[in-house]
Every structure is written in structure tokens, then in C-alpha cells.
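Let me begin by presenting the structure, written as C-alpha cells, before commenting on it.
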Amino acid sequence: SSMHYRETHGMRFMGQQKHILDTLDQIENCTLALDRFRSHSRAAELLAGGGPSRQRTLFCPTDEAFEARAREMGVTVDDLLRDDVDVLYHIHDGRFRSQDWWKQNMHLRGGHHIPTVAGEDLSITTDTKLNVRFGDAICIATDKVCTNGLIHFVDRVILPPSRYGGQDIQRSEGGAGVQLEDDSGVIQLIISRQTSGQVFTIEVGPDDTVQQIKEAIFAHQPLAISD
């Protein structure tokens, strides 16, 4: 296949691998999440503990994710992630890579659920704009490898259905925009995410299938944070 991607914008940071909490401490736009997870005793134990044989996965809202969710709910960012269930709903006790949900063809089966430390399952779906969603939060960067697990970054604080299912909370949609260009016989998909400002290009050859295009967008990690 001629398919590949070129990342032109994205979240990056340098340094050796650290545990999840110390990794967040190096990322400028995750200060609010770091404060919540570090100050919660159970979350801090999970995210700073473990190791190669005991992995965790964190679904981490950026600072912008806090601000967007606070506007939608009519609250302040200080009000978010204060309840035990809300905090622990962002943590999976295990290693859950982005390639795992594609290997299981969850985008073809209409979604999947994984357990969280809060005791409540988190839904994983793919929407019509090819965004992977955890609950209603869009995944904007994936698979930041830490010594004790992984971090996926999301554009909203994720809301547990048990606490917010009855509330009419509407998110303002951004998502991904796709533009097609013809470049010497090769189709270029120029994909921009309005929620994060990230832009990348995938070149698609005549033999590439829709499935391969989806895998190039997600499984090949054009939005992944560099190690």
C-alpha cells in the first residue's frame, strides 16, 4: 500500500518514560487533570504505582477539555472531577492500546465497553466523522507510553452515565473535517480536527480500502504523542 501519514500539528514532549502521574507533570495543558488525579488517594495510588507487570490506562482530559465541559454544564472547571466516581471513571485497570479496539473491529460492531476503576463500564465507539469516542469525549491523541501503562487524551471530561445519564448535557461538536485533493494520481486526505487544531495528511493509493484508510487514521497514530 502507498498509504502513510504526515503529522503537521500535535501534542509533543521529550524525555524518558515515567509513570503516568509524572508523565502528566511534563505536559503543559494537563494541569487540571494532574491536580485531580494526584490529590485523589486511590487515583494517585493507581497512576503512580504498578509497573511492567501491572499496567493502567488513563483517559485524560486536557485543560481545554475541562473548560469545554464546564461551559456545556454551566459550571466552573473547579466543579469538575471532584466526585470519586467521576475521577475513577477515567481509569482502566489494565493496558488498553488504541490498536486493541481496531483489532476487535469495534468500529464495525457498533462499539465496545471496557471496565473502569469506578465500577462502571466506559463505552468506546466510532462516530460518522471517524472520531473515536470514550463516552461522548473525542480521543485527540493516543498511546502515550508510560512505565506503568498508557495515556489516551480526550477533548472532554468524561461523564459516568450513573451520575449524569438523566441530565440533558449537549456537547458543542467540532470533530474532524476531511478535504480531498488529487496529487499526481494519488488522493490525499487532508484531515483537520476542529477540536484540537491538529492537521495531518494521508496519501491513499488505488488499492487502499476504506478499512485501511481508517486504520491509517487511528491504528497508525497520526495523532499520537511522540515518545
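Readers should treat all values here as calculations from the given coordinates under stated rules, not as data from a laboratory. Since the structure is predicted, the reported quantities are computational estimates derived from the model, not experimental observations. When we count neighbours, we look across all protein chains shown, and the Cβ atoms used for this are built from the backbone with ideal geometry, even at glycine.
About its Cα centre, what dipole magnitude does the stretch 12-164 give when the only charges are +1 on Lys and Arg Cβ and -1 on Asp and Glu Cβ, stated in debye to the nearest 20?
Using Cβ point charges on Lys, Arg, Asp and Glu, the stretch 12-164 gives about 580 debye.
For Tyr164 paired with Asp78, estimate the spin-label separation in nm (one decimal), with each label point 7 Å from Cα along the Cα-to-Cβ line.
It works out to 2.0 nm between the two label points.
How many percent of DSSP beta bridges within the stretch 12-164 run antiparallel, rounded to 5?
Restricted to the stretch 12-164, the bridges split so that about 75 percent are antiparallel.
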